[in-house]
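Trainee: There's a structure below that I have some questions on.
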Amino acid sequence: MDSTIQDTPINKQLFGEDFTWGVSTAAVQIEGAHNADGKGESIWDVFTAKKGKILNGHHHRIATDFYNRYQDDIDLIKQLNIPNFRFSISWARILPNGTGAVNQAGIDYYNRIIDYCLQQDIQPWLTLYHWDLPHALELQGGWTNRAVVDWFTEYVKICAHAFGDRVKHWMVMNEPAVFTGAGYFFGIHAPGKTGIKNFMPAIHHAVLSITAGAKVLRGALPDAEIGTTFSCSYIEPYSDNPKDVAAAVRVDALLNRLFIEPILGLGYPAELAVLKGMEKYILPGDEDNLKFDFDFIGIQNYTREIVKYSFFTPYIHASLVKAEKRKVPVTAMGWEVYPASIYHILKKYDKYPQIKKIYLTESGAAFPDEVINSEVDDPKRVEYLQKYLQQVLKAKNEGCKVSGYFIWTLTDNFEWAEGYNPRFGIIYVDFETQQRIIKASGLWYANLLR
């Protein structure tokens, strides 16, 4: 790390007046009220009910009860001086069957959140899809069914019409590489499908849906800022052996380029030979419908991955060298703490001339927090945020078009397959009582933004 950057005390003035600061959340992870007020079943409602899918048998049916406590939590955002709040809409709250009849109670709920944010002088940033497909659509094949493009377009139209008069910042989807990979290849996330025969069509239909949804927003809301978000890990080869180097290139193509490059008009990465199988899903005219000129790209970075060649790993012939085996500092997720990763990722995406603006729409860390004398001191998280922000500043000072930073996440919450075990929040939640305690990291962020 550049020692001058390392020694720079972080303050928001260094980033400029027009730099955007915020905090991010997702509906499944915080709302609870899984069947309240006409909400339909989502794939996560079904998946979490299956035995052995979620650590410790946890489920999200109550989560942090944001559905009922949204005013209190938005008051905490205000108290922490955070001017922008990213949250997602639950598709099944708006359309219980995925298509067809609209649930007005769901529209009303999100209108209340949006209005309360604006009342508190907080800008709402909406994510339209954060992994919670209505189960009724999964029964028809979900993301493997090409009809999902039409289903999603219908849903986006309803949201644009309902919320577009007040919401100025939109994200079409969250981390498509994760929900297609974990949900349709490895089966460790909802809906629990596995294999290349599910993964391939899910990739292509997700890309088509992202651009179709973005076109709906552009048509309905010409003045809105429209983006979409991608998960990114900085990839390095285990050694300079050509096999390891080539393996790292393939993993980078899979994790960091698979979705963004077709959306930028560059097609699917040629380095992944397995993608030749995509041809059967690509119909005439699709190439024109894969790309969209986004106002911004959201990137979400937590760590780096070290990759080595692996003959026995199908399709990609590469494997990750786990952080704990490398004797490096790790988070509660077992992810390496490597601040320079965010710098390298920013530099990587900045090289695409098609990208106009980058927001870091998620960045944060889980550590084992505990309450002592009604306080939560989390020095490792404070250090993590400081060091990662120093690297963001370094990239910005070198001319990277990075325009904002959103911490993941506001409160400890339901962390997908990991249940309630990893705590990412800058606010501690006692999941038995729903009591909130602002952690030292939350107070640090409030001070930074004061």
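Trainee: Taking the Cβ-Cβ separation of Phe312 and Ala147 as r and a Förster radius of 35 Å, what is the calculated FRET efficiency to the nearest 0.05?
Mentor: Numbers: r = 37 Å, r/R0 = 1.05.
The computed FRET efficiency comes out at 0.45.
Trainee: Calculate one ³J(HN,Hα) per residue across segment 102-111 by plugging θ = phi - 60° into the Karplus curve 6.51 cos²θ - 1.76 cosθ + 1.60, and present them in order as whole Hz with x for glycine and proline.
Mentor: Couplings: 7, 8, 4, 4, x, 4, 4, 4, 5, 4 Hz.
Trainee: Continuing with this model, one more query. Would you mind counting up the charge near Val216? Only other residues with Cβ under 10 Å from its Cβ, with Lys and Arg at +1 and Asp and Glu at -1.
Mentor: Details: positive: Lys157, Lys215, Arg218; negative: Glu154.
Net charge around Val216: +2.
Trainee: Taking a point 7 angstrom from the Cα of Ile62 along the C-beta vector, which residues in segment 412-429 have backbone N less than 12 Å away?
Mentor: none
Trainee: Right, here's the next one. Add -39500 (n - 2.57) for each DSSP H run of 4 or more in the chain, then divide by its residues: what number comes out at 222 nm, to the nearest 500 deg cm²/dmol?
Mentor: -10500 deg cm²/dmol
Trainee: Still on this structure, please answer the following. Amide H neighbours of Val321 under 5 Å, at least 5 residues apart or on other chains, H built in the peptide plane: list them.
Mentor: Ile306, Val307, Lys308
Trainee: Before I look further, what does the chain give for accessible area per residue, probe 1.4 Å, in whole square angstrom? Don't skip to the end; give the middle numbers.
Mentor: Details: 17740 Å² over 450 residues.
On a per-residue basis, the chain sits at 39 Å².
Trainee: Now a separate question. Given R₀ = 30 Å, what would the calculated FRET efficiency be for Glu375 paired with Glu398, taking r from the Cβ atoms and rounding to 0.05? Intermediate results must be reported in sequence, preceding the final value.
Mentor: Details: r = 38 Å, r/R0 = 1.28.
My answer for the efficiency is 0.20.
Trainee: Something else: Accessible area, 1.4 Å probe, largest first: how do Ser24, Ser374, Ser239 sort? Provide the component values of the computation, followed by the final result.
Mentor: Working: Ser24 0, Ser374 90, Ser239 40 Å².
So the residues, ranked largest to smallest area, are Ser374, Ser239, Ser24.
Trainee: Mind jotting down the distance between the C-alpha centroids of segment 175-204 and segment 374-396, whole Å?
Mentor: After rounding, the separation between the Cα centres reads 32 Å.
Trainee: Then there's this: When the Cα centres of segment 102-151 and segment 233-299 are compared, how far apart do they sit, in Å?
Mentor: 27
Trainee: Checking the table Lys157/Lys215; Lys197/Lys243; Lys308/Lys348; Lys380/Lys401; Lys291/Lys357 against a 18 Å threshold on Cα-Cα, which pairs fail?
Mentor: Working: Lys157/Lys215 10 Å; Lys197/Lys243 27 Å; Lys308/Lys348 21 Å; Lys380/Lys401 28 Å; Lys291/Lys357 16 Å.
Beyond 18 Å between Cα atoms: Lys197/Lys243; Lys308/Lys348; Lys380/Lys401.
Trainee: Going Cα to Cα from Lys280, which aspartates and glutamates come in below 18 Å? Please leave out same-chain ones fewer than 8 positions away.
Mentor: Cross-link targets: Asp288.
Trainee: For segment 252-388, what number results from the quotient of the Cα radius of gyration and 2.2 N^0.38 Å? Mind dumping the intermediate values first?
Mentor: On the way: Rg = 18.8 Å, N = 137, 2.2 N^0.38 = 14.3 Å.
This ratio for segment 252-388 stands at 1.32.
Trainee: Separate question: Pick out, from Ile94, Val245, His344, the residue whose Cα sits farthest towards the positive end of the charge dipole of the chain, with +1 on the Cβ of Lys and Arg and -1 on the Cβ of Asp and Glu.
Mentor: Val245
Trainee: Which semi-axes, in whole Å and largest first, does the equivalent ellipsoid of the chain have when worked out from the alpha carbon gyration tensor as the square roots of 5 times its eigenvalues?
Mentor: Working: eigenvalues 169, 161, 101 Å².
In descending order, the three semi-axes are 29, 28, 22 Å.
Trainee: Of His204, His317, Ala36, which is farthest along the charge dipole of the chain in the positive direction, counting Lys and Arg as +1 and Asp and Glu as -1 at C-beta?
Mentor: So the residue we want is His317.
Trainee: Just how much of Tyr352 is accessible, in Å², when a 1.4 Å probe is used and the result is rounded to the nearest 10?
Mentor: Approximately 30 Å² for this residue.
Trainee: What does the highest-first list of 278-286, 84-92, 51-59 look like by mean Cβ count within 10 Å? Provide the component values of the computation, followed by the final result.
Mentor: Working: 278-286: 11.3, 84-92: 25.7, 51-59: 13.8.
Ranked by mean Cβ neighbours within 10 Å, highest first: 84-92, 51-59, 278-286.
Trainee: Another one. I'd like the carbon and sulfur percentage of the solvent accessible area for the chain, probe radius 1.4 Å, heavy atoms only, ligands and nucleic acids excluded. Mind dumping the intermediate values first?
Mentor: Values: 9060 of 17740 Å².
The nonpolar share, carbon plus sulfur, comes to 51 percent.
The values are calculated or read from the model by the stated rules, or taken from the named source; none is laboratory data. Source: prediction; values computed, not measured. Please note: Cβ atoms are built from the backbone with ideal geometry, for glycine as well, and neighbour counts cover all protein chains shown. These accessible areas exclude ligands, DNA and RNA; they are computed on the full protein's heavy atoms, side chains included. Shrake-Rupley method; radii C 1.70, N 1.55, O 1.52, S 1.80 Å.
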